[in-house]
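Below: the structure, in structure tokens.
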Amino acid sequence: MTDIAPLASAARAVFGDSGVHAVVRSGRTVHAVSLGHWVEGEEVPELLCHTGVAGWSPTALEPTRAEVTCARCLRKIGGSAASSRQLALFGDGSQDG
């Protein structure tokens, strides 16, 4: 069996600073990162919103210092962004006429 400890350690080191967030495979959405349980009790960086990453690999998450834009991550960290506001279903609620 392959020892995955060095792989997990390297992934943790990339996202070790609290100001580092992640994008998935050069995507546009910036996610907050937390540590999660992986194989053999190792902890590795994962998206705070728990959005699935198909074919998870340590190279799927790319580090960035950009602001978090994922609405689900923002709700979990208590942040806000214009993109995370609820849109009105039938207008702004005002009555015309």
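The values are calculated or read from the model by the stated rules, or taken from the named source; none is laboratory data. All values derive from a computational prediction rather than experimental measurement. Heads up: the accessible areas ignore ligands, DNA and RNA and are worked out on the full protein's heavy atoms, side chains in. Shrake-Rupley method; radii C 1.70, N 1.55, O 1.52, S 1.80 Å.
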Tell me, what is the 1.4 Å probe accessible area of residue 62, in Å² to the nearest 10? 70
Ordering 14, 68 from largest to smallest accessible area (1.4 angstrom probe), what's the sequence? 14, 68
Quick one: order 21, 37, 31 from most to least accessible surface, probe 1.4 Å. 37, 21, 31
